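One structure is given below, encoded as structure tokens.
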Amino acid sequence: MLIEESDLPMVAMDFMNEVHKEEAELINALFERVLAYEADASEANANAITEKYQEWYTHTLAHFKGEEDKMVELKFPPYPLHKQEHDIAVQRMDEVFADWQQSKNAQSLKMYLIEELPRWLIQHISTLDVVTARFFSTGFPSAADLRHS
Ligand SMILES: [Fe+2]
Ligand SMILES: [Fe+2]
């Protein structure tokens, strides 16, 4: 398993914790399919990766949009910064997917899943999502968040 539930930092909003848990489950399921393809590079196993990637991608867009809509609604001041991190992550997902579709070589996808994505996700949740969720739940950022962000 790539991401354990206990690896995920908790934030002050349940709806976000729930979405993060689903995100981790989809990434783990995608990784399993990459390993299956590595063992047997059949067309069915390739299609299984593509399908799971698309499912995860759709979920991620909804995950990000859920946070962004609420930031706009509550006029969260660092919204552009948080949105920009989401946009860069989606761009990376687009690149990795395009490479996979074109090459049907799962090596760089596997490296992305191991080396890059979990670190990004945990880093993003423990910084911007934590600060944002606290703002959602209290209506203002804490002094400590202002110092560190
Ligand atoms: Fe998030
Ligand atoms: Fe976020």
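Quick look at the values:
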{"item": "Residue pairs meeting the criteria (Cβ under 9 Å; at least 6 apart or on separate chains; first more than 16 Å from ligand 1 (Cβ to nearest atom), in the stretch 41-69; second in a helix (DSSP H, G or I) and basic (K, R))", "result": "N45/R33; A48/R33; I49/R33; E51/R33; K52/R33; Y53/R33"}
{"item": "Of the criteria (1) of a type outside the set (D, E, K, R); (2) more than 25 Å from S6 (Cα to Cα); (3) touching a His at 6+ places or on another chain (Cβ under 8 Å), which one L26 fails", "result": "(2)"}
{"item": "Any hit, the stretch 37-57, residues being in contact with a His (Cβ under 6 Å, 6 or more places away or on another chain) and either under 17 Å from A98 (Cβ atoms) or within 16 Å of ligand 2 (Cβ to nearest atom) (or both)", "result": "no"}
{"item": "Answer from L128, L121, L117, L109 - the residue that is surrounded by 13 or more Cβ atoms within 10 Å (Cβ to Cβ) and away from ligand 1 (no atom under 16 Å from the Cβ)", "result": "L109"}
{"item": "Positions within the stretch 6-23 being within 10 Å of ligand 2 (Cβ to nearest atom) and among the hydroxyl-bearing types (S, T, Y), in sequence order", "result": "none"}
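Bear in mind that the values in this text are calculations on the coordinates, not laboratory data. All of these numbers come straight from a predicted model, not from anything done at the bench. Cβ atoms come from the backbone with ideal geometry, glycine included; neighbour counts cover every protein chain shown.
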